[in-house]
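Read the structure below first, then the notes.
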Amino acid sequence: MGSLPVSSAALRLQGVERRYPQGDATLDILRGADFEVLEGQSVALVAPSGTGKSTLLHIAGLLEHQDAGEVFIAGKPTAGLGDAERTRIRRTDVGFVYQFHHLLPEFSALENVMLPQMIRGLHKREAAKRATELLSYLGLAKRLDHRPGELSGGEQQRVAIARAVANAPRVLLADEPTGNLDPHTADHVFGALSQLVEATGLAAVIATHNLDLAYRMHRRVTLQGGHVIELE
Ligand code: ADP
Ligand code: MG
């Protein structure tokens, strides 16, 4: 997708290890994973189920703690930080999109995108302005007052994307965000996501099984033996 401007790593994983106990044995999911994503760069994470994609994304997004290794967000090491500071970084610098939208059902699309901004301390009026802009950008200007239950699957995921980037994070992590959508809708949602990455200079990592979509990103990586491997 063309050459990238010289820029610094928004996200860097260094020697990340993660293991889960399984009966008497141990499941080594990440075995010293190294991974770097630059500002404005989109990376597809393509690997079979059970290889550790969600684990990697959760650790990168400070939702889960690694057993060893370091996660740098915007150059800042996070492994040694306490919960409060990790939560702060997660709120300001990281956006997360899940396979299922996880929107709050009682709130409108607009309110769902306003909430993370207000939690962060923004005034309601400012939050509404940015939420309106983001949702309009994602083609939802006519759906601001709809609740999640009144939106299609593709619309719900676009609201979830708007919510994830509401606080202008440096890193966007998406865990099979189009996995529940039909191919046409997936394509549309993915297009919106890519456009947003291009426009904002976000670093994005998107786990997907959709190779067509993966080839529209700047880079593709996979997980093999607990390591992140670059694909062509
Ligand atoms: P993927 O997203 O690629 O499908 P996951 O990261 O969800 O893979 O899981 C990788 C492996 O780790 C799977 O075998 C899964 O069962 C296991 N696993 C994930 N989370 C836990 C956990 N909290 N406890 C035990 N095993 C887990
Ligand atoms: Mg997963």
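The values are calculated or read from the model by the stated rules, or taken from the named source; none is laboratory data. This structure is a prediction, so every number in the text was calculated from the model and none was measured. Glycine gets a Cβ as well: all are built from the backbone with ideal geometry, and neighbour counts include every protein chain shown. Protein only, heavy atoms only, side chains kept; ligands, DNA and RNA dropped before computing areas. Shrake-Rupley method; radii C 1.70, N 1.55, O 1.52, S 1.80 Å.
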Completion exercise
A careful count of residues in region 205-232 that are surrounded by 17 or more Cβ atoms within 10 Å (Cβ to Cβ), away from ligand 1 (no atom under 16 Å from the Cβ) and either part of a helix (DSSP H, G or I) or among the acidic types (Asp, Glu) (or both) gives 1
Exercise for the section: Only helices (runs of 4 or more DSSP H) wholly contained in region 105-204 count here; list those with 3 or more residues that are more than 15 Å from the chain's Cα centre (by Cα) and among the charged types (D, E, K, R). Expected result: 124-137
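Here's a check for you: in region 165-191, which residue that is open to solvent by 10 Å² or more (accessible area, probe 1.4 Å) and of a type in the set (Gly, Ala, Ser) is nearest to ligand 1 (Cβ to nearest atom)? Write out each step before concluding.
First pass over region 165-191, keeping only residues open to solvent by 10 Å² or more (accessible area, probe 1.4 Å): 167-170, 175-176, 178-185, 187-188, 191.
Next cut, of a type in the set (Gly, Ala, Ser) only: 168, 179, 191.
On the way: ALA168: 27, GLY179: 11, GLY191: 24 Å.
The qualifying residue nearest to ligand 1 (Cβ to nearest atom) is GLY179.
Got a sec? Which of LEU11, LEU45 is within 9 Å of ligand 1 (Cβ to nearest atom) and surrounded by 22 or more Cβ atoms within 10 Å (Cβ to Cβ)? First the steps, then the outcome.
Details: LEU11 fails: within 9 Å of ligand 1 (Cβ to nearest atom).
The unique qualifying residue is LEU45.
Any chance region 73-85 includes a residue that's loosely packed, with under 13 Cβ neighbours inside 10 Å, among the hydrophobic types (A, V, I, L, M, F, W, C), outside any strand (DSSP E or B) and without any contact (Cβ under 8 Å) to a residue 40 or more places away in the chain? If you could, list the steps in order and put the result at the bottom.
Of all residues in region 73-85, those loosely packed, with under 13 Cβ neighbours inside 10 Å come to 75-77, 80, 82-84.
Now narrow it down to the ones that are among the hydrophobic types (A, V, I, L, M, F, W, C): 84.
If we keep only those that are outside any strand (DSSP E or B) too, we end up with 84.
Still in the running and without any contact (Cβ under 8 Å) to a residue 40 or more places away in the chain: 84.
There is at least one residue in region 73-85 that is loosely packed, with under 13 Cβ neighbours inside 10 Å, among the hydrophobic types (A, V, I, L, M, F, W, C), outside any strand (DSSP E or B) and without any contact (Cβ under 8 Å) to a residue 40 or more places away in the chain.
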Problem - region 87-126: number of residues that are of a type in the set (D, E, K, R) and within 23 Å of ILE59 (Cα to Cα) - result: 5
